[in-house]
1. How high is the FRET efficiency from Ala15 to Asn83, r the C-beta distance, R0 35 Å, rounded to 0.05?
2. Could you compute the FRET efficiency for Asp160 and Trp49, with r as their C-beta to C-beta distance and R0 at 22 Å, rounded to 0.05?
3. Label the range 116-156 by shape, choosing from rounded, prolate and oblate, from the square roots a ≥ b ≥ c of the eigenvalues of the Cα gyration tensor; if a/c is under 1.5 it is rounded, and otherwise prolate applies when a/b is larger than b/c, oblate when it is not.
4. Please identify, among Ala25, Ala104, Ala61, the residue showing maximal mean-square fluctuation in a Gaussian network model of the chain using a 10 angstrom Cα cutoff.
5. Tell me, which longest segment in the chain has none of the chymotrypsin sites (Phe, Trp or Tyr not before Pro) that fall in DSSP loops with at most 12 further Cβ atoms within 10 Å?
6. Could you go through the range 156-167 in sequence order and give the Karplus-derived ³J(HN,Hα) for each residue, using 6.51 cos²θ - 1.76 cosθ + 1.60 with θ = phi - 60°, rounded to whole Hz, and x for Gly and Pro?
7. Taking Cα centroids, how far is the range 120-150 from the range 179-202 in Å?
8. Using amide H atoms built 1.01 Å from N in the peptide plane, name the residues 5+ places from Asn83, or on other chains, whose amide H lies under 5 Å from its own.
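A short reminder: the numbers here are calculations on the coordinates, not readings from a lab. Please read all numbers here as calculations on a predicted model, not as lab measurements. Ideal geometry is used to build each Cβ from the backbone, glycine not excepted, and the neighbour counts take in all protein chains shown.
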Amino acid sequence: GWMRAFHWAALLPEAVTAAWAAVVAVLAGAYGEPSRSALEQRPRAWAAWGGTPISEAELRAMTPDHAARLIATWRPDPARPLNGSRELARTLEAVVKSNPASWAATPLRTGALLHEPMYLSHYMRGLAGAEALDGVPIGELVDLIVLTSTHPWEPTVLGDPTYDYDPDWRGAESAAFDLITALARKDLGFGGRKEEIWAFLD
């Protein structure tokens, strides 16, 4: 508040600033004389939140195959810097969690279409967080889990590797662990492939 009054002292009438004369003199010793140009050149800051380039409503209106292809081919647009791949991945996770039956009908195919480790990670976390996974092909979920351990391709650079995308497969492997945990807690079994699951965990 003192600095605000100090900067505005250059523009206000002396009758208004007379009581602040001593304060202005002291602050001027540290920050220079207040002036109109200094007030106009003060740096401004804005806060904003990242957004998803494809909304939940849009993803829900598509088939999982179409949505997965669209997600995998999306690339950052310099003209829309707040739209990011991480927000898109989180949107995918929310849609998968709300409709696991549709999104997990062919999990290996869907995972392959999503392609990027980050999208696979959020896809599996969506399945792991779903209320129920009844009717989901468990064998294909195991295939997807095993796929993450093979690191089948290099991640695509989608911005800053500290946030915008996963530069390796560790996040996908962590999500696969969450999915294994969810299958165990729901007592759905592993499609007769416990040995592969134990190998993955090991």
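1. The value I calculate is 0.10.
2. E between Asp160 and Trp49, to the nearest 0.05, is 0.85.
3. oblate
4. Result for the chain, Cα springs under 10 Å: Ala25 fluctuates most.
5. That gives 50-152 as the longest site-free run.
6. My calculation for the range 156-167 gives 7, 6, 10, x, 7, x, 7, 8, 5, 7, 8, x Hz in order.
7. Measuring centre to centre over Cα atoms gives 10 Å.
8. HN-HN under 5 Å from Asn83: Gly51.
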